[in-house]
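Please treat every number below as a calculation from the coordinates, not as lab data. Worth saying up front: this structure is predicted, and the values here are computed from it rather than measured. Cβ placement follows ideal geometry from the backbone for every residue including glycine, while neighbour counts extend to all protein chains displayed.
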Amino acid sequence: MKLLLSGMLAMSYLVAGLFFLRYWKVSRDRLFAFFAAAFALFAANRLALGAMGMPQESLHLIYLLRLGGFAVLIGGIIDKNRRAAPSGRA
Amino acid sequence: MMAEAVYLLCAATSVACAALLLRGYRASRTQLLFWASLGFLGLALSDVLLFVDLVLLPQVDLFYWRSGIALAGMGVLLYGLIWEVR
Amino acid sequence: MIVPAEFPEEVRTLLRERIDSHEELEALVLLAHDRGVLWSPARLTGSLRPPPADPAAVLARLAARGFATPVAPIPGASPASGAEPGYRYAPASGAIDQAVLRLLELHRTDLPTLLRLLNAHAMERVRSGAMRAFADAFLLRRDPNDG
């Protein structure tokens, strides 16, 4: 049961990432690329945990994938604000 | 201990995203932002529960609660991503 | 949507980034055509067909987008001549001025295609409106005119 839930979560991260990928292509706003990458990392985190047989999350360096995902998210937001044009349109 | 602090950081980031999206929703009334805000809130709660699970209540397994909330959050986020953008 | 390859990139960028409506396009053409003229909202209403619903807003937007500069009203003058704030054509950069000149030319020679392009951008903007709102939510310092 745990593996099933974990798999569902991983899939949901991946699908969200795919949507962000599409938004990046349509809107050409780089922020969405960052979001897509972040959610891909969340999915990788889930998949790795599943592959290792669902160990306790803190015991492995796998959590670095999750941290990496959030770092990418923060990086994307910083990047967005740096890029913002004076007129307010980024 | 390091991992636990990281999960709190993750939760904080999710909360920040949720707050920004909520502010954006108030400004633009775009439904997507409302759902996305809830989605990130769900992810934040899930990470907070993870911290609780590992640090505060190590004897209890909160896996199903954590995963349930995270899945609910992602469900709401995906709903917004799919239906609220043409 | 057929985008003519002959339309120079600078004009297409200008249209996509800085001009939102037919109204704004026509107002810009008027301003750029008679450079020295001071345009008040009343004067704009008199010159545009169909007359704009909110001429002051149109002029203000043109100023915000880098096409015009507001000129302070002359104190003591009658409302008809100088007490309203007016705007004068004032491109924010030489590049913009160049692009506007090309735009004027195309407005004269190939207006239908220009309007089709404007329309296509407007539709694309509506379609990606939700995405934009999402991305703009993450701008930490919000322009009060945004959204």
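By the scheme Lys and Arg +1, Asp and Glu -1, what is the net charge of all other residues having a beta-carbon under 13 Å from that of A:Leu21?
Working: positive: A:Arg22, A:Lys25, A:Arg28, A:Arg30; negative: A:Asp29.
Net of charged neighbours comes to +3.
Can you give the extra length, in nm with one decimal, that the chain gains between C:Arg116 and C:Ala92 once fully stretched, where that is 0.36 nm per residue apart less the Cα-Cα distance? Please list the in-between numbers first.
Details: separation 24, 0.36 × 24 = 8.64 nm, distance 2.61 nm.
Difference between extended and current length: 6.0 nm.
Which whole number gives the average count of other chain Cβ atoms within 10 Å of the Cβ atoms across peptide A:22-29?
5
How far apart, in nm, are two points set 7 Å out from the Cα along the Cα-to-Cβ line at C:Ser47 and at C:Asp34?
0.5
Rg over Rh of chain B, using C-alpha atoms and the Kirkwood radius, what does it come to?
1.07
Read phi for every residue in the range B:33-50 and hand back ³J(HN,Hα) as whole Hz from Karplus 6.51 cos²θ - 1.76 cosθ + 1.60, θ = phi - 60°, with x for Gly and Pro.
5, 5, 5, 5, 4, 4, x, 5, 5, x, 5, 5, 4, 4, 6, 5, 4, 4
If you take the beta carbon distance between A:Val26 and B:Trp83 as r and set R0 to 22 Å, what does 1/(1 + (r/R0)^6) give as a FRET efficiency, to the nearest 0.05? Kindly include the intermediate steps, with their values, before the conclusion.
On the way: r = 16 Å, r/R0 = 0.73.
After rounding to 0.05, the efficiency reads 0.85.
For the range A:1-45, which trypsin sites (Lys or Arg not before Pro) are both in a DSSP coil and crowded by at most 11 other Cβ atoms within 10 Å? Don't skip to the answer; put the middle values down first.
Working: sites: A:Lys2, A:Arg22, A:Lys25, A:Arg28, A:Arg30; in loops: A:Arg28.
Passing both the DSSP loop test and the Cβ count: A:Arg28.
What distance in nm lies between label points placed 7 Å from Cα along the C-beta direction at A:Lys2 and C:Ala64?
Result: 5.4 nm between the two label points.
Using the per-residue mean of other Cβ atoms lying within 10 Å as a proxy for protection, in what order, highest first, do the peptides C:59-70, A:35-46, B:49-60 fall?
Ranking, from highest mean packing down: A:35-46, C:59-70, B:49-60.
So how many Å³ per residue does the convex hull of the Cα atoms of the protein assembly as shown work out to?
On the way: hull volume 51.1 nm³, N = 323.
That works out to 158 Å³ per residue.
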